[in-house]
1. Could you grab me the full set of residues in the range 1-40 that are surrounded by fewer than 11 Cβ atoms within 10 Å (Cβ to Cβ), at pLDDT 75 or above and farther than 22 Å from F85 by Cβ?
2. I'm checking my understanding of the structure. Among residues of the range 41-66 that are surrounded by 15 or more Cβ atoms within 10 Å (Cβ to Cβ) and among the hydroxyl-bearing types (S, T, Y), which one is farthest from K104 (Cα to Cα)?
Amino acid sequence: LGYRLGCCAILGIWVCWDSIWGYSRFYQLTIGGRAAFPVFRGIGGLLLLHWFWAFSTFIWSRYRVNYIFLFEFDPRFIRSPKMIFNSAVDQTLVYLVLMLLYYKVTGFLCIFNYWKLSICSYFFLHCCEWWEL
């Protein structure tokens, strides 16, 4: 978990660096101005929801709040906070790698934007386990 979380931090810094440095140094269009930014923003919102759920379950488990009973969940299908964090980290890694690939590739080749966007969306949705939120 720690190694993958460190990879997420480095990739997050890289995305921020490319967004700011590319605009200030070369006056290029940053990732916020690309055609796929609303898609990345929407998926990022779902990913943020997953992270907040992981933190919430961790805090509730730590302070012994019986959230399973309060929310009337089925105890047979509840995952531990560590498992939720693992899936959130994996999804964040896939998300940041796809964001960097899209940003780097569209800087050089602007011909096939739509098929690249559909491939990125396909891989993100099929590599991640959204049904286990």
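1. Within the range 1-40, W17, P38 qualify.
2. Among those that are surrounded by 15 or more Cβ atoms within 10 Å (Cβ to Cβ) and among the hydroxyl-bearing types (S, T, Y), it is S61.
The values are calculated or read from the model by the stated rules, or taken from the named source; none is laboratory data. Keep in mind that what you see is a predicted model, and the values were worked out from it rather than measured. As a convention, Cβ positions derive from the backbone with ideal geometry for all residues, glycine included, and neighbour counts pool all protein chains shown.
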